[in-house]
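Heads up, the thing below is written out as structure tokens.
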Amino acid sequence: MCVNRSTVGFGPGQPSRTSIVVAALRAFGAREPDASVRNPDWLAERLISSGELQLITEHPISQAVREDYQKGRQNREVAGMSNLMLVRTRFIEEHMQRALEQGATQVVILGAGFDTRAYRFVELLKDKTVFEVDYRSTQEIKKRRLAEASIAIPPFVHFAEIDFKKDALADVLSNAGYKASERTFFIWEGVSMYLSESAVRETLRAISSYSAPGSSIVMDFAGQAMIEMLQKLPELSQHNYTTHWGEPWIFGVPDGREREFFHECGLEVREILTVFGREATRRYLTRSDGKRFGTPRGGGPRDAKLSTIARMMWMLVTRRSKWYALAKLDVAAQ
Ligand SMILES: C[S@@+](CC[C@H](N)C(=O)[O-])C[C@H]1O[C@@H](n2cnc3c(N)ncnc32)[C@H](O)[C@@H]1O
């Protein structure tokens, strides 16, 4: 597939550029010498070539991933976002391993992007079934990269195309061979914030009504206040590699009503981890010498105008929100 960098914007024929950014951040984080704060995604580096990095030059990771690791970490945006990815990757993988130990036989990765779990956990997954579900254009580029990087696609991996905005997840899964009678672990990482509320609700409803008892999902989500902040502050750097690439953040879970929101979708909250909170830092951002590795906040207002900093700070202190969090949700008993 030939992608023209100047016209690229997520949609038919054009891959998600944010999926390249997060994979590049994982590849970068996997180079950390201290194993206790190293991103476990050692395969990401092989999946992301210079061709993909050419598509994300607006993001500082496109440069940092090509230079010395410690030098790259001097960029606050790179260090913060790579820390955030570390929290996200490890939280999801801990839950995935637990779900498999507890009897899940299928793993469904929704909006999989450059997710490498099916290729890193081959031993753990060899007698399970994994479905990678994504937008066609992103999936095409991933399959091409797998072939170019000589990463074998294990026989338990099945690909399925979806547009969450219009396709019914239940139909897509059943056409791909998914068995609703088998206990399943779903991963929905870095996707919900890009969809409308109705698309998010429909996807979660499809999961809860079309999966066996004991099934669960891990996903990340933005809080409503985060979306409002992004809308009010178009000068924030995050827009350069989301909104301006045709991938704006548009949906946030209602603040203070997270449990109700998921319950309405047929899911019970087992855990919510605020990524910017102390618990996330204690679990995932503490080095082997006990020192803090850094913050998961990327960029921030340092380079912004004083008025932007003031407005951002005002929102941060006056709004009660999880801002950005990870959730483990169980399918409610019918
Ligand atoms: C930020 S990337 C996350 C990729 C991957 N889950 C990860 O965390 O590395 C967003 C992913 O959502 C997918 N996506 C966004 N909107 C979509 C839609 N309407 N239908 C299907 N996939 C979509 C993109 O193709 C991309 O793979």
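No value in this document is a laboratory result; all are computed from the given coordinates. Fair warning: this is a prediction, and the values are worked out from it, not measured in the lab. Cβ coordinates were reconstructed from backbone atoms using ideal geometry, including for glycine residues, and neighbour counts include every protein chain displayed.
Just subtract the alpha-carbon distance of E94 and S36 from 0.36 nm times their residue separation and send over the number in nm, one decimal. Write out the running numbers ahead of the final one.
Numbers: separation 58, 0.36 × 58 = 20.88 nm, distance 1.40 nm.
The span from E94 to S36 would gain 19.5 nm if fully extended.
What's the extension gain from R278 to S196 if we count 0.36 nm per residue and subtract their Cα-Cα distance?
Working it through step by step, the gained length comes to 26.5 nm.
Using each residue's phi in the range 195-205, evaluate 6.51 cos²θ - 1.76 cosθ + 1.60 at θ = phi - 60° and report the 3J(HN,Hα) Karplus result to the nearest Hz, with x for Gly and Pro.
Once θ is set to phi - 60°, the couplings for the range 195-205 become 10, 6, 4, 5, 5, 5, 4, 5, 5, 5, 4 Hz.
Each residue of the range 169-185 in turn: what ³J(HN,Hα) in whole Hz from Karplus with 6.51, -1.76, 1.60 and θ = phi - 60°, glycine and Pro shown as x?
Rounded to whole hertz, the list is 4, 4, 5, 4, 5, 5, 5, 8, x, 4, 10, 5, 7, 9, 4, 10, 10.
Under the rule of at least 5 residues apart or a separate chain, name every residue whose amide H is placed under 5 Å from the amide H of V108.
Those lying under 5 Å, H to H, from V108 are F131, F185, F186, I187.
Name the residues whose placed amide hydrogens come within less than 5 Å of the amide hydrogen of F159, ignoring near sequence neighbours (fewer than 5 apart) on the same chain.
Placed amide hydrogens put E132 under 5 Å from F159.
At 222 nm, what value in deg cm²/dmol follows for the chain if DSSP H runs of at least 4 each add -39500 (n - 2.57) and the sum is divided by all its residues, to the nearest 500?
-11500 deg cm²/dmol
By average Cβ neighbour count within 10 Å, what is the ranking of 23-33, 94-104, 127-137 from highest down?
Values: 23-33: 23.2, 94-104: 15.6, 127-137: 20.2.
Those peptides, ordered most packed to least, come out 23-33, 127-137, 94-104.
Taking every DSSP beta bridge that has both residues in the chain, what percent is antiparallel when rounded to the nearest 5?
45 percent
Please count, across the chain, the pairs of lysine residues with Cα atoms under 19 Å apart that sit 8 or more places apart or on different chains. Before the final figure, lay out the partial values.
Details: K126/K179; K128/K179; K232/K305; K232/K322.
Within the chain, the lysine pair count is 4.
Using a Förster radius of 25 Å, what is the FRET efficiency between E161 and E235 based on their Cβ-Cβ separation? Nearest 0.05, please.
Numbers: r = 36 Å, r/R0 = 1.44.
Given R0 = 25 Å and the Cβ-Cβ separation, E is 0.10.
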